[in-house]
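Worksheet: one structure, shown below.
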Amino acid sequence: MSEGADSGTRDNASEAGPWADALDELARRRAFAHGLGGAAAVEKHHAQGRLTIRERIDALADAGSFSEVGSLTGQGLYEGDRLVGVTPAPYVMGLAQVDGRPVAIGGEDFTVRGGTSWSGDRKKGGQGGFVEDLAHQYRIPLVNLIDGAGGSVTSITRRGHSVFPGVHGFERSVQLLGEVPVVCAVMGTAAGGPAGRAILSHWSVMVKDTSHVFAAGPPVVERSLGQKITKEELGGPAMAVATAGTIDNVAADERQCFEMIRRYLSYMPRNVWELPPLGERSDPPARTEEELRRIVPENRRRPYDMRRVIRLIADTESTFEIQPTFGKAVITCLARMHGHVVGFIANNPMVNGGAMDVKAARKQTHFIELCDTFHIPLVFLVDVPGFLVGREAEAAATLREGMRSVYVGLQATVPIFSVVIRKCYGMAGMGTTDKNGLDLKIAWPSAEWGSLPIEGGVAAAFRREIEAAPDPKAREAEIEAGLRANASPFRTAEAFGVEEIIDPRETRLILCRFIEAARGRMQTTLGPKPKAGVRP
Amino acid sequence: MPTTQLLSEVTGSVWEISAQPGQQLAPGDTVMVLESMKMEIPVLCEDGGTVVEILVAQGDAVAEGQPLVMVAS
């Protein structure tokens, strides 16, 4: 730095150079920020098997890529005019890179007041705040590393009044869901606002043993309902992920959680104005798998491993399953086909024979919206006998949730490819097709379809004839056999009722070609997808 | 020796039990077949182990999440 001619500057400069005192103060203030809630609080946090927010950001982001914003925010402690300490704002955030791509990233610092922010601290993030503005303004993904228990009634004393709900609202969080990928990871115990924030995401994940999520924790539940329940029972992964589907995936530990976040983001475009990135294209589209020819048993009562079907068709090692333990009658998977990101929706014949229940419907609805929003083509691998039937299924509103899924599918404008592997029946079957688009339906020779399965429909449609027969059982079987002969998929193909029947080994090649061809069209329809209408 | 329970993934009935107490299972072996929605759903022992106890009988109705077999690993 050149010496200024201004004698005043020269007088203030110490031997260490100009601005030395100010730079020294900056360094001291930064050191306070890096000290988080103090050594004892950090040690206690580590002892619970948890990383600090700064360690979490370092573990997730590319090395050295984090540019912190708001590192000096906090409550300064002064003796006269002299700064003796700073309690940092319990939220750390900024700009970072994940696999070379920019993200807005932030999270609560549990070691300071359990992550509860006060007044000016709130401007950094947690609910709205700078970190969400950064994602919005720069159109880059947002990663929330959530570790906070929400508001505290003690704020009433501090403020002298109680706050109206929404003073730190979710407006920006909601807006982001139509603009950029939003990932929420529940890293500790999230209740109240932070728990709600976790739900306002495209994909969420929590950590086994060390994270919990609920609207309110055990003390509030006991006070309100007299219900005694542990934190793990109320909001551990068995409840939040597998039973309720409140959170999408679970990681074995924090390290795996960050790997999963990186993996999820690798499928996503930076924002809805861009296409997802093309991945590696080393797996040839013409790769044929003999196993596909044999995988569907000829005995219609025997199920098969649908996840295996996906893995055989998609690019090697390219699949990432969303919600693997919730709504298991359907499998939802991000994957690549010759480098193009696609979303697989596959019925799982191992669960309910593939019949769509209320949880599977909810999962399918979300996944269709996710893929449609980020211009990710959908591939349905169809084996669905219909909506799940029966008293429990009706009580759970399977019909309404199922039709909501059909409705959302019909609103989607992303290309949809249907591969009918076995059963395709009824409204649930219709929901697997691209009725508003090209409606390309490709069937395997094992495919069968109809408005309802023959075995269920015969008894109802031919009731009088069956009852009048000398041997009703034999007559029913006879009618069924007659109908089944006409139900050959080849007869439907004759009528162009299904566009193509293929050898299962050809599935990968034909899908890769059509997906590649559709990319150009998608480039012309980028941007947000505002949707009118009322979901059923 | 830690034991784990194999749970039913579906609501249905027990169609056929193929494993017996004391039997050694390789990872992925089928221990029984359930019938659900007119499909025969195999119950697999993903990690392998030794069958300690079969908790259901052929023909029993089973609910989703119900323990079916105790396996020692």
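The values are calculated or read from the model by the stated rules, or taken from the named source; none is laboratory data. What you see is a predicted model; the values in this text were computed from it and never measured. Cβ: placed from backbone, ideal geometry, glycine included. Neighbour counts: every protein chain shown. These accessible areas exclude ligands, DNA and RNA; they are computed on the full protein's heavy atoms, side chains included. Shrake-Rupley method; radii C 1.70, N 1.55, O 1.52, S 1.80 Å.
For the reader, a short list of remarks on this structure follows.
- Selection status of A:Arg262, assigned to a helix (DSSP H, G or I) and not hydrophobic (A, V, I, L, M, F, W, C): yes
- The residues listed here are B:Ala26, B:Ala19; of these, the one that is more than 11 Å from chain A (Cβ to nearest Cβ), in contact with a Gly (Cβ under 6 Å, 6 or more places away or on another chain), modelled with pLDDT under 95 and over 30 Å from A:Glu455 (Cα atoms) is B:Ala26.
- Any chance A:Ala27 is among the hydrophobic types (A, V, I, L, M, F, W, C), farther than 24 Å from A:Arg263 by Cβ, open to solvent by 10 Å² or more (accessible area, probe 1.4 Å) and out of contact with any strand residue (DSSP E or B) (no Cβ under 6 Å at 6 or more places or on another chain): yes
- Scanning region A:315-356 for residues that are within 14 Å of another protein chain (Cβ to nearest Cβ), open to solvent by less than 30 Å² (accessible area, probe 1.4 Å) and of a type outside the set (Gly, Ala, Ser) turns up A:Phe326, A:Val330, A:Ile331, A:Asn347, A:Asn348, A:Pro349, A:Val351, A:Asn352, A:Met356.
- Count of region A:408-432 residues which are closer than 19 Å to A:Lys531 by Cβ, buried (at least 17 other Cβ atoms within 10 Å of the Cβ) and not aliphatic (A, V, I, L, M): 3
Quick grid of which residues meet (1) part of a strand (DSSP E or B); (2) at positive phi; (3) among the aliphatic types (A, V, I, L, M):
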position	(1), (2), (3)
A:Pro165	no, no, no
A:Gly169	no, no, no
A:Gln175	no, no, no
A:Val180	no, no, yes
A:Ala185	yes, no, yes
A:Ala195	no, no, yes
A:Ser201	no, no, no
A:Ser204	yes, no, no
A:Val220	no, no, yes
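- Within region A:97-120, being within 30 Å of A:Ser266 (Cα to Cα) and surrounded by 23 or more Cβ atoms within 10 Å (Cβ to Cβ) holds for A:Val103, A:Ala104, A:Ile105, A:Gly106, A:Gly107, A:Glu108, A:Asp109, A:Phe110, A:Gly115.
- All conditions but one from (1) open to solvent by 30 Å² or more (accessible area, probe 1.4 Å); (2) among the charged types (D, E, K, R); (3) in contact with a Leu (Cβ under 9 Å, 6 or more places away or on another chain) apply to A:Arg404; the one that does not is (3).
- When A:Ala191 is tested against the conditions (1) open to solvent by less than 30 Å² (accessible area, probe 1.4 Å); (2) at pLDDT below 90; (3) over 14 Å from A:Gly128 (Cα atoms), the lone failure is (2).
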